[in-house]
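Here's the structure we're looking at; comments come further down.
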Amino acid sequence: MKKLLQSLFLLMLFAVSAIAQERTVTGTVKSSEDGTPLPGVTVKIKGARTGAITNASGVFSIQVSSGAVLVFSSVGYEGTEASVGNKTNVNVTLRTDAQSLDEVTVQVPYGTVKKTSFTGSESTVNATTLRRQQVTSVTRALEGLVPGIVVTNGGGQPGSGASILIRGVGSVNASSAPLYVLDGAVYNGSIASLSMDDIESVTVLKDAAAAALYGSRGANGVIMLKSKQGRKGTPQVNANLRTGWSTRGIPEYDRLGSKDYYEMMWEATRNRLQLASGQTRAVAGQNASNVLTGANGLVYNAYNVPGNTLVDPTTGKLNPNAQLLWEDNWSDVLFQTGKRQDFNLNISGASDKTDYYVSMGYLKEEGTAKFTDYERYNIRLNLNSQVRNWLKAGVSMDGALTDQANNVATGTATTNPFYYSRMMGPIYPVYQRNLTTGAYIVDPATGQNALDYGKANQMGLRPYAPNSNLLGTLPLDDRSTKPFNINANTYLEATFLKDFKLRSTLASTYYDAYATTFQNSLFGDADNVAGRSTKQMNRQFTYTFNQVLTWNKSFGDHNLTVLAGHENYFFRQNVLSATRTGFPFPGTSELAPAATPEASTSYQYDHRIEAYFSRVDYNFQNKYFVSGSFRTDGGSRFADGHKWGQFYSASAAWRLSQENFLKSATWINELKLKASYGEQGNEDLGTNYYPTLSLYQLGNNNVNAPGALINSLANPDLVWEKSKNANIGVDFAMFNNRLSGTVEVYNRVSDNLLFPVPLPLSTGISTITQNIGTLYNRGIDVSLGYSPVRTSNFEWRVDLNLTHFKNKITKLPQEELISGTKKLMVGKSIYDFWIKEYAGVDPANGDALYYQDKLDAAGKPTGERITINNINNASFYYKGTSLPNITGGLTNTFTYKEFDLSFLFTGQQGGKFYDGNYAGLMHVGSYGTAWSTDILNRWTTPGQVTDVPRVQNALATQSGVSTRFLYNASFVNLKNASIGYRMPKRWATTLGIQGARIFGTVDNAKLWTFDGPKGMDPQRSITGVSDYTYPIYRTFTLGLNVNL
Amino acid sequence: MKNNFKKFGFLLAGVLAVSSCKKEYLETLPTADVSGETVFATTKGAQVALEGTYRMMYTSYTNHGNFGQKSYEIVSDLMGTDIVLHAQGYGWFNTDYQYTANASAADAGRSERIWYYYYTLINNANRIIANIDNATGTPAEREDIKGQALAIRAHSYFYLVNFFQQTYKGNETKPGVPLYTTPTSVGNPRGTVQQDYTQILADLKQAETLLTGKAQTVKSHISVAVTQGIIARVALQMEDYATARDYAKKARGTIAPMSGATYNAGFSSTTNTEWMWGLTVNIEQATIYASYFSHMDNTASGYAGLGSYKKITKALYDQIPATDARKTAFKAPGTTGLPDYTILKFRKPSASTWDGDYLLMRAGEMYLIEAEASARLGDDANALAVLTTLVKTKNPSYAFAGTGTALLNEILLQRRIELYGEGFQLNDIKRLKQGLVRPTGAGNHGAPNFDAVTYTLPDASPKFLMRIPQSEINTNKSFTAADQNP
């Protein structure tokens, strides 16, 4: 810094004395992107040799004669020109030159390379793009920005992340999730613990050339996260203040109100009594009226007329004199508009030898369900120093304290407010009422309206979830996880013998989650044991230690880089938990006061990998590139003799744009062909760390005698699952870089699939892990960027990416494998639905009909089908895959002077989704359970044509999983819309700050689906089935970024 | 440069020293599991495998409607004539009561869970039987462990073949359930009912020999007497009345029937001297809502107390004399509190904890087997004497004096009363070949109680059978779709 100023000063002095007759022009050069001053910009007079460089504040001063034209240039920015005229002050802004490929580097395993010389497949998203989205986990920001990935949202629990698949589904049983790498080290800590403000870029590595050096675990692609580093220039002090509101991103299903509910339930009862019990229609109708609100009916009568006169026994219509006494909305009391606050302060800078980046942040995200939230405090320090001219050292540390409160939204448990409020019949109130007047009943102890738990001594024994009231129990219960996540990453880098570099990195992650599951002592599930509390410590310690030697040499036109290294990976997980019951007083979930021990356990998992690796990169004249890598990994999951797996890649690229025959085609800025092939490994069987051993599971104790049960069969021959990955692509930029893009086709073959081969249940063990099976993912990824308008004041940029892939099984351990709603078979995808086919409703009697194959004497289908009304005997059919045909994203960005506006649309075409949530609301008449409004279309009269069968309690043989609830999953989502305004420099100067920007965004603004009921979330899971978890939320954010 | 080189040398040496790993680096072992070799090295280890197998009999798997042996005994009784379901509650066992749960072959359905449960026990027993002979220990220890494993295997096949096929007599050549006597991962065909029973009896006879002279240290372990009791149970089902009579008598030995007071003490403690075999369930190992007492103790705040009360039919209740202490095992009609006829027989010991022991066999059953077998063999005198001994302890004024069919019917009635809710109904209905006839009307099945849907079934109706799990048909190469039950 000092040196720079000195030279500038000398330069100016020289200029002033030498060309005194010319006048001085001064000015400031700023970035068009965020208005920050740009230091180090070269300012030249066109046609002359003289020039200047902007100082740390972006200010330059140069001697010119009238009529001169100044030429500004800087690395990473598009050059521009400005004529001086008579002005003495010339201010310019420089646009980030995303297309100047020559200067862009790509993060690759154990280093970085220039994008132009990279032979593999990658996509990078930088901070500018990421920061538009107000999300907590970076995994939620990538959808629609990176071609070749499929993102499933996994629900909206505050603090949760999305799951990402790169280039299809690569494995059946082992993980298909990509490997995460943080600042060069494999990362298995918490992604949500990383602040979005600290992330400089995200690079997705997709093919073997890119990822093979992470051979052992790169089979499903790699996501490289890079944290921000300090830069030379004025030290930056950035404050980001954001506040927002969250609402449900997916609407609730429409459900029947009280009147319709009673009428429909009467009809279901009448039909049961008539058709199953053999009563005449008239008698059945009368009996249905009689029992409707009885102990074995709906129990509750929400109207002011006697229960047996509530519904007319002949017409089935509600008594016209009946007036509603209550109708509470459970959603209103269990859900809320969540507030979101996200504050971050970061300070960064660099001197000649040392750079630093320090940040701290606070985030609090309230859920759309009451009592759920996520809170995070995080800090980061990145520091690099050239301590000797041959030795560089650095540290990168970050820590996060987080608290995820009330992690309750899973499954059909009574504690899940989404399931509970959706499935609760409309006639069941939140608060107890006088059965005659409907007046609230006051709890004498509290003076508040008493909650209705649906107990016999209250308003009656509620048929839906008796003895529960989430408004009462959730605030008293505690189901929280408090993870503490710290990463410490240090390195030493020595340069020697001119071209050699040795770098040793020690990266460690310590994750410690303290979880509480407390059921309160007063109400609900644990009132009978005076409260139950489970405390669990889950501690995970990981370190990666590597040593990498690099030799970089150029011989004339030949450039060579050779890398060799060794790495250890160590993972240890310790889990400890204990449960006690019998709390003397409410108000604490701690175990000390609880009288009765229920259970306690602890265990440890170990996982280790050791690897040796090498890579050679060679290019000739930066025109022809070849690269090869080799890695061998030893993994602790495998038995002796099979521990070590060998992985490699080979790739080449040809920059046609560097060839003389294309030099004349000036409209081509960059044109590169590339191809790669390689093999990577996969051994990620989750917590199955010992898949080769036949094990007895301990802890199955019989009172005080230790006990064990056989749990797995031995397979010492298990080897690494392999991914054979071929990629061919073209990178291009043309028309003065206004159009750029990448098109790639790939074939990714997963072989030796680590497969849980199903065994006959009668052998007593349901699966054995074997290397059997092959599948491929073949596809095409396209990304295009185009600037239709690009003037100095206005720019419009369009970015489009599209992905299509086909997943196909080519080899299986047995002819077919059925699991849930899917069947695996050679020639089919791994998520092909195998379900019964709904044939609609029999107009004669309202039965639900299903198809059944006619069989020949040998038991084979003849091709002919009949329709039957017993789903248990229906045949299964392939009914399409849950995998999308095309996924993609479209970003439009508009910049006008200080304003910027952008829209990100994501979408999917094709794929099937089975909506079990909706199926649950279309039951045949389960007392107490809510009904979808679509049930009003049920069959009622002979001859009626409808697709909803008649309602009839306890008709078990006519409903089940079938194509009736299978829908097209195509959707378009306006995932993000944002508008921003940058404060003009002169205002900032007046305020004494460097700059400021205000913005507003909407995330998950609007989802359009084209099939299925309202309420369906087609992005819930890659397997295309619904669950009852937290729906995603829509967030409105207002933000202020100040550069002090 | 030279200096740098030196430095580099140190660095490289340091790096290599730290990083060169020993071979053991890649050797990791689990902490919560242990290899089969370790387990079966000694009889002490084999005992661990045996205890785990017993534990499985009261462990909850999959959901709150599956908790080992007792859950399937509830299924057996709810598919019978004598338990009325008051209301749906949380829905557990509703569809068993309606005869639709057993009509599904789907994963996690009733048929599939029963199949899974018994075959997992069988596999664990098979591994003990296959390895115990080479375990270090005394011959007596080896015999004790092997005998128990054989009895567990036989007991499991007995329940399997009865859930998945009609009764033995008259169906000997019908498809049975696949037999496995050694650990394997290859599926076997269904075989025949006769083959299953042949294996069951062979195992039990061998177990009887091995267990003779061995002490039963805890009630959960199978003793020679329990083995003989199982033989009596099997023989009764096979209508081999001589064996049934002799073994029932041998099994009970000198155990006297419990008093009326003990009968009404809750059926939840292995300390009951009439219990021959029972699982001790402590607080830690109790499965809370997914437990027998959650579903059967109507006085507790489990699922039964949350609406799905289990009740005796008025028809059977009215046949219990007022002087019989067993009548107080049910809520008398017209009194306040729980619904009329609610079962009070099964109550966990403490309202604030979930520990309550599980009964698997008691002498009372042996008295009834002996009485029934004697009556069927024409020995009315012994039948009446044994029956009177049993009943009189609860009803001092009991003085039945009939003979022939009247006596047999009285024994069968007393069997329904005495063993009420203890899991024998479905097997008895199949065995007695009179079909399902559920009494209806006030206090019985149907409105205003939960709709039973199925009220009558003819004898040998396919509706009595569990479905072969679809997953078994899918994975077992010895099976085709034609192996499915009708």
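The values are calculated or read from the model by the stated rules, or taken from the named source; none is laboratory data. In this text the structure is predicted, and so the values were computed from the model without any measurement. Ideal geometry is used to build each Cβ from the backbone, glycine not excepted, and the neighbour counts take in all protein chains shown.
Keeping to region A:831-849, report how many residues are under 41 Å from the mean Cα position of the chain (by Cα) and more than 14 Å from chain B (Cβ to nearest Cβ).
In the first step, residues of region A:831-849 are kept if they are under 41 Å from the mean Cα position of the chain (by Cα); the result is A:831-841, A:848-849.
Cutting the leftovers down to more than 14 Å from chain B (Cβ to nearest Cβ) gives us A:831-833, A:837-841, A:848-849.
Matching residues across region A:831-849 total 10.
Quick one: is residue A:617 buried (at least 16 other Cβ atoms within 10 Å of the Cβ), in contact with a helix residue (DSSP H, G or I) (Cβ under 8 Å, 6 or more places away or on another chain) and not in a strand (DSSP E or B)? Steps first, please.
Numbers: buried (at least 16 other Cβ atoms within 10 Å of the Cβ): yes; in contact with a helix residue (DSSP H, G or I) (Cβ under 8 Å, 6 or more places away or on another chain): yes; not in a strand (DSSP E or B): no.
Considered against the rule, which asks whether it is buried (at least 16 other Cβ atoms within 10 Å of the Cβ), in contact with a helix residue (DSSP H, G or I) (Cβ under 8 Å, 6 or more places away or on another chain) and not in a strand (DSSP E or B), residue A:617 comes out as no.
Suppose we filter A:911, A:920, A:925, A:943 for residues that are closer than 30 Å to residue A:779 by Cβ and among the small types (Gly, Ala, Ser); which single one remains? Full working, then the answer.
Numbers: A:920 fails: closer than 30 Å to residue A:779 by Cβ; A:925 fails: closer than 30 Å to residue A:779 by Cβ; A:943 fails: closer than 30 Å to residue A:779 by Cβ.
Going through A:911, A:920, A:925, A:943 in turn, the sole match is A:911.
Could you grab me the full set of residues in region B:98-117 that are within 7 Å of chain A (Cβ to nearest Cβ) and either in a loop (DSSP other than H, G, I, E, B) or not small (Gly, Ala, Ser) (or both)?
So in region B:98-117, the residues within 7 Å of chain A (Cβ to nearest Cβ) come out as B:98, B:100, B:103-104, B:115-116.
Answer for region B:98-117, where residues must be within 7 Å of chain A (Cβ to nearest Cβ) and either in a loop (DSSP other than H, G, I, E, B) or not small (Gly, Ala, Ser) (or both): B:98, B:100, B:104, B:115, B:116.
A quick yes/no check of all residues on (1) closer than 28 Å to residue B:113 by Cβ; (2) buried (at least 20 other Cβ atoms within 10 Å of the Cβ):
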residue: B:399; (1), (2): no, no
residue: B:403; (1), (2): no, no
residue: B:407; (1), (2): no, yes
residue: B:433; (1), (2): yes, no
residue: B:453; (1), (2): yes, yes
residue: B:464; (1), (2): yes, yes
residue: B:479; (1), (2): yes, yes
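In region B:150-167, is there at least one residue being closer than 25 Å to residue B:476 by Cα, surrounded by fewer than 18 Cβ atoms within 10 Å (Cβ to Cβ) and more than 11 Å from chain A (Cβ to nearest Cβ)? First the steps, then the outcome.
Step one: filter region B:150-167 for residues closer than 25 Å to residue B:476 by Cα, giving B:150, B:152-167.
Subsequent filtering for residues that are surrounded by fewer than 18 Cβ atoms within 10 Å (Cβ to Cβ) retains none.
The answer is no, given that none of the residues of region B:150-167 is closer than 25 Å to residue B:476 by Cα, surrounded by fewer than 18 Cβ atoms within 10 Å (Cβ to Cβ) and more than 11 Å from chain A (Cβ to nearest Cβ).
All but one of (1) within 30 Å of residue A:382 (Cα to Cα); (2) more than 10 Å from every other protein chain (Cβ to nearest Cβ); (3) crowded, with 17+ Cβ neighbours inside 10 Å hold for residue A:482; which doesn't?
Every listed condition holds for residue A:482 apart from (3).
Considering only residues that are within 7 Å of chain A (Cβ to nearest Cβ) and modelled with pLDDT under 60, look in region B:13-44 and name the one that is surrounded by the most Cβ atoms within 10 Å (Cβ to Cβ).
Only one residue tops the list, namely B:15.
Going by what's in this entry, would residue A:656 be described as surrounded by fewer than 16 Cβ atoms within 10 Å (Cβ to Cβ), closer than 27 Å to residue A:618 by Cα and of a type outside the set (Phe, Trp, Tyr)? Write out each step before concluding.
Working: surrounded by fewer than 16 Cβ atoms within 10 Å (Cβ to Cβ): no; closer than 27 Å to residue A:618 by Cα: yes; of a type outside the set (Phe, Trp, Tyr): yes.
Answer is no for this residue.
Answer yes or no as to whether residue A:589 is crowded, with 21+ Cβ neighbours inside 10 Å and within 30 Å of the chain's Cα centre (by Cα).
Working: crowded, with 21+ Cβ neighbours inside 10 Å: yes; within 30 Å of the chain's Cα centre (by Cα): no.
Answer is no for this residue.
Which of (1) under 30 Å from residue B:469 (Cβ atoms); (2) surrounded by fewer than 18 Cβ atoms within 10 Å (Cβ to Cβ) does residue A:940 not meet, given it meets every other one?
(1)
Determine, yes or no, whether residue A:268 is touching a residue at least 40 places away in the same chain (Cβ under 8 Å), farther than 30 Å from residue A:973 by Cα and not polar (S, T, N, Q). Even if it seems obvious, please write down each step before you answer.
Values: touching a residue at least 40 places away in the same chain (Cβ under 8 Å): yes; farther than 30 Å from residue A:973 by Cα: yes; not polar (S, T, N, Q): yes.
Considered against the rule, which asks whether it is touching a residue at least 40 places away in the same chain (Cβ under 8 Å), farther than 30 Å from residue A:973 by Cα and not polar (S, T, N, Q), residue A:268 comes out as yes.
Could you look through region A:941-977, keep only residues that are farther than 30 Å from residue A:902 by Cα, in contact with a Gly (Cβ under 7 Å, 6 or more places away or on another chain) and among the polar types (S, T, N, Q), and pick out the one that is farthest from the other protein chains (Cβ to nearest Cβ)?
A:952
Name, by its number, the condition in (1) buried (at least 23 other Cβ atoms within 10 Å of the Cβ); (2) at pLDDT below 95; (3) of a type in the set (S, T, N, Q) that does not hold for residue B:185.
The one condition residue B:185 does not meet is (1).
Any chance region A:923-931 includes a residue that's modelled with pLDDT of 95 or more and buried (at least 22 other Cβ atoms within 10 Å of the Cβ)?
yes
Among the candidates B:300, B:351, B:286, single out the residue that is within 13 Å of chain A (Cβ to nearest Cβ) and either within 18 Å of the chain's Cα centre (by Cα) or not aliphatic (A, V, I, L, M) (or both). Steps first, please.
Details: B:300 fails: either within 18 Å of the chain's Cα centre (by Cα) or not aliphatic (A, V, I, L, M) (or both); B:351 fails: either within 18 Å of the chain's Cα centre (by Cα) or not aliphatic (A, V, I, L, M) (or both).
Just one listed residue meets the conditions, B:286.
Look through region A:796-830, keep the residues that are over 28 Å from the mean Cα position of the chain (by Cα) and part of a strand (DSSP E or B), and return whichever of them is surrounded by the most Cβ atoms within 10 Å (Cβ to Cβ). Can you show your working first?
Narrowing region A:796-830 to residues over 28 Å from the mean Cα position of the chain (by Cα): A:796, A:810-817, A:825-827.
Narrowing further to those that are part of a strand (DSSP E or B): A:796, A:810-811, A:816-817, A:825.
On the way: A:796: 16, A:810: 13, A:811: 12, A:816: 13, A:817: 22, A:825: 17.
Going through the qualifying residues, I end up with A:817.
Please tell me if residue A:516 is part of a strand (DSSP E or B) and within 14 Å of another protein chain (Cβ to nearest Cβ). Give the steps one after another, and end with the answer.
Working: part of a strand (DSSP E or B): yes; within 14 Å of another protein chain (Cβ to nearest Cβ): no.
When the stated conditions are applied, residue A:516 does not pass them.
Output the strands (runs of 3 or more DSSP E) that fall wholly within region A:654-750 and possess 2 or more residues being within 14 Å of chain B (Cβ to nearest Cβ), or say none. Don't jump to the end; show me each part of the working.
On the way: elements: A:668-682, A:695-698, A:708-710, A:721-734.
Of the strands (runs of 3 or more DSSP E) lying wholly inside region A:654-750, those with at least 2 residues that are within 14 Å of chain B (Cβ to nearest Cβ) span A:695-698, A:708-710.
Could you list, ordered by first residue, the pairs with Cβ atoms under 8 Å in which the first is in region B:168-179 and in contact (Cβ under 8 Å) with a residue 60 or more places away in the chain and the second is surrounded by fewer than 24 Cβ atoms within 10 Å (Cβ to Cβ) and in a strand (DSSP E or B), at least 6 apart or interchain?
B:175/B:192
Can you tell me which residue among A:822, A:808 is within 27 Å of residue A:885 (Cα to Cα), touching a residue at least 40 places away in the same chain (Cβ under 8 Å) and of a type outside the set (A, V, I, L, M, F, W, C)? Working first, answer last.
On the way: A:808 fails: touching a residue at least 40 places away in the same chain (Cβ under 8 Å).
Checking each option against the conditions leaves just A:822.
Would you confirm whether or not region B:66-79 contains a residue that is facing chain A (nearest Cβ under 7 Å), at negative phi and buried (at least 22 other Cβ atoms within 10 Å of the Cβ)?
Quick first cut of region B:66-79, residues facing chain A (nearest Cβ under 7 Å) only: none.
No, region B:66-79 has no match at all.
Name every residue in region A:872-904 that is within 22 Å of the chain's Cα centre (by Cα), assigned to a loop (DSSP other than H, G, I, E, B) and hydroxyl-bearing (Ser, Thr, Tyr), in order of residue number.
A:882
Specify which of the listed residues (A:377, A:356) is aromatic (Phe, Trp, Tyr), more than 28 Å from residue A:254 (Cβ to Cβ) and within 24 Å of the chain's Cα centre (by Cα).
Numbers: A:356 fails: within 24 Å of the chain's Cα centre (by Cα).
Result: A:377 is the single residue among A:377, A:356 that is aromatic (Phe, Trp, Tyr), more than 28 Å from residue A:254 (Cβ to Cβ) and within 24 Å of the chain's Cα centre (by Cα).
Restricting the first residue to region A:641-667 and requiring it to be at negative phi, which pairs with a second residue that is assigned to a helix (DSSP H, G or I) and β-branched (Val, Ile, Thr) meet a Cβ separation below 7 Å and a spacing of at least six or different chains?
Hits for this filter: A:655/A:116.
If the Cβ limit is 7 Å and pairs must be 6+ apart or interchain, which residue in region A:301-320 that is on the phi < 0 side of the Ramachandran plot pairs with which residue that is among the aromatic types (Phe, Trp, Tyr)?
A:302/A:326; A:310/A:262; A:310/A:303; A:311/A:262; A:311/A:266; A:318/A:262
Of everything in region A:491-504 that's in contact (Cβ under 8 Å) with a residue 60 or more places away in the chain and in contact with a Ser or Thr (Cβ under 7 Å, 6 or more places away or on another chain), which residue is farthest from the other protein chains (Cβ to nearest Cβ)?
A:491
Evaluate the following for residue B:95: is it at the interface with another protein chain (Cβ under 8 Å from one of its Cβ atoms), touching a helix residue (DSSP H, G or I) at 6+ places or on another chain (Cβ under 7 Å) and modelled with pLDDT of 95 or more? Quick ask: steps written out before the conclusion?
Values: at the interface with another protein chain (Cβ under 8 Å from one of its Cβ atoms): yes; touching a helix residue (DSSP H, G or I) at 6+ places or on another chain (Cβ under 7 Å): yes; modelled with pLDDT of 95 or more: no.
For residue B:95, the condition - at the interface with another protein chain (Cβ under 8 Å from one of its Cβ atoms), touching a helix residue (DSSP H, G or I) at 6+ places or on another chain (Cβ under 7 Å) and modelled with pLDDT of 95 or more - is not met.
Taking residue A:650 as the residue in question, decide whether it is surrounded by fewer than 21 Cβ atoms within 10 Å (Cβ to Cβ) and at pLDDT 90 or above. Show your work before the answer.
Numbers: surrounded by fewer than 21 Cβ atoms within 10 Å (Cβ to Cβ): yes; at pLDDT 90 or above: yes.
The answer is yes for residue A:650.
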